[in-house]
Structure formats: C-alpha cells, structure tokens
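Novice: Dropping the structure in here first, questions after.
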Amino acid sequence: MHELDHILAAALNLAESAAGLSAQAWHSDLAVTYKSDGSSLTEADLSIETMWRERIRQQFPSHGILGEEYGFETGRSAFTWVLDPIDGTRQFGTGLLNFASLISVCRDESPVLGIIDMPVPGARYVAAEGKGTVFSGRLVRSSGRRELDEAVISLANPDSFRGDSASGYRQLLSTGRLRVFDGGAPAYGGLSRGLIDICLNGDDLDAYDICALCPVVQEAGGVISDWKGRPLTLTSSGAIVACASPELHSVVLDQLLLPV
C-alpha cells in the first residue's frame, strides 16, 4: 500500500471512532466551559483528541501531531497530523449543527490529506492528494463559477473580522447572488460540492482550523489561500478565502483589498 493510502485509511478510522462520541455528546446534556481566550470547551474536545493522539502515536510514532487542545508534538518524519476534534465548539455547545471534526495530514508543512467529518447528520468529506474529494461515496466538484455577481457566498461569524479584515468582509457583504453566515468548516465542504462558490473567514483561525479544508477544496477544483493569495500551510493562521475557480479567486482577492 502506498504511504499516503495507509495514512488515509488510518485517518478514516480516526474519524469513524470520533463520530459516535461527538454525536452522543451532542445528544446528551452538554457541559460547556470556557478557555482563557473566551472560546468554548467541552469534554468531547478533550477526550476525542486524547484518543486520536494515542492511536497516531501507536501507528505512526515518527509523525508529528498538532492539535487544538494539547498543542504540538514534534515528529521525526515529513508528516504532521493536524487535529481539531470539535471545530465549532461554540455551535456544538449550543446545540447547533454546523460543527465538524477536522483531521489533516501535512507533508513538509503542506496539507495533503483532509477530512471534514460532520457526525450530525452523519456526513463526511474526504480528500487526499491526487485522489479528488469524496462525499457520500462519490467524487464531487466545485461549481467552477467565475462571476462574483452570481456567486453564493459563505461569510464567517462577523465578530471574526477585525481590524483591516473588516473592510474586506463589508465588500463581500454587498455582492453575490446569495449570502449565508457562520457556516464553519461545513461551508468549505459545500464549496467542494458546488453548492457554495466563495467561503470567507476572518482573523481568528489557526492551523488546526485551516489545514483539513485545503485538500477538500483543492481536490474538488477550488482554490484556497490567505487574503494575499499565499498558499496555506502548517504554520498558517488568520484570515482565509476559498473560491470555486481560479478566476473567481482572483476577483475576490482584488475585492478584499479595496477600501470601503
């Protein structure tokens, strides 16, 4: 088995093992606490990441691990796992559905594998380098849309656009055919299926929020970058944008730089 195939099989097992835990927790009486930065935290965040780390260490002892809850473990190989057990804990902890478990693997800091797993309602986007993006057992593609005026746009929580990024948010707030809000990681899955044409997030992202999204978007024919058009990597943080085609991405990047 090719090395990336072996890693992908392990990643799918991780997603499957976490799905039941997070779905069960969502249906139960959730106890939400708060970190020092004000973000939400539940026991599911901690228990899932702990389980994932133990399994990765057992199967891939030379690989690095970066997770939201327990930080960075340096590896001895080119591969680093990037984990967010519950991306969208704010939504998860309030009984909303737009949360996901994110699993990514970077090779030499570039994301080559990404899973966006939505245990409620039981949907999963899977992408790996050269293999396309798979949803519900079928290959999916972005819409390929090029025209901004016709685009369906997903805009993140308005509170995430701070300082200079606020003007870029306002630019996209007044264009497109349709706008949806605070879709989180599932919105990037929607882009890979051709349902959304633009996804915009503000300054509050870290690598564990970002890396899994990249293969899902790119393997479906979309483009994803920071707001200056730079590729996203293991060391990326801050505002990102994804689009259904290179042409639309170029137009949107120009819009983000315009003064309001």
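Novice: Return only the number of the condition from (1) at pLDDT below 95; (2) farther than 23 Å from Ile116 by Cα; (3) part of a loop (DSSP other than H, G, I, E, B) that Asp204 does not satisfy.
Specialist: Every listed condition holds for Asp204 apart from (2).
Novice: Let me ask you something else. Among residues belonging to the stretch 81-118 that are open to solvent by 10 Å² or more (accessible area, probe 1.4 Å), under 16 Å from the mean Cα position of the chain (by Cα) and of a type in the set (Ser, Thr, Tyr), point out the one that is modelled with the lowest pLDDT.
Specialist: My answer is Thr89.
Novice: Can I ask one more? Hey, any hits in the stretch 145-158 for a residue that's farther than 20 Å from Glu247 by Cβ, modelled with pLDDT of 95 or more, within 17 Å of the chain's Cα centre (by Cα) and in a loop (DSSP other than H, G, I, E, B)?
Specialist: Among the residues of the stretch 145-158, at least one is farther than 20 Å from Glu247 by Cβ, modelled with pLDDT of 95 or more, within 17 Å of the chain's Cα centre (by Cα) and in a loop (DSSP other than H, G, I, E, B), which makes the answer yes.
Novice: What residue, among those in the stretch 51-71 that are at pLDDT 95 or above and surrounded by fewer than 17 Cβ atoms within 10 Å (Cβ to Cβ), is nearest to His6 (Cα to Cα)?
Specialist: Gln59
Novice: From the residues in the stretch 16-34 that are out of contact with any Pro (no Cβ under 9 Å at 6 or more places or on another chain) and open to solvent by less than 50 Å² (accessible area, probe 1.4 Å), which one is farthest from Asp87 (Cα to Cα)?
Specialist: Ser17
Novice: Please name all residue pairs, on different chains or six or more residues apart, with Cβ atoms under 6 Å, provided the first residue is in the stretch 84-99 and is in contact (Cβ under 8 Å) with a residue 24 or more places away in the chain and more than 13 Å from Leu41 (Cβ to Cβ) and the second residue is open to solvent by 10 Å² or more (accessible area, probe 1.4 Å) and aliphatic (A, V, I, L, M).
Specialist: Hits for this filter: Leu97/Val120.
The values are calculated or read from the model by the stated rules, or taken from the named source; none is laboratory data. All values derive from a computational prediction rather than experimental measurement. For neighbour counting, all protein chains shown are included, and Cβ atoms are generated from backbone atoms with ideal geometry for every residue, glycine included. Accessible surface areas use protein heavy atoms only, side chains included; no ligands, DNA or RNA. Shrake-Rupley method; radii C 1.70, N 1.55, O 1.52, S 1.80 Å.
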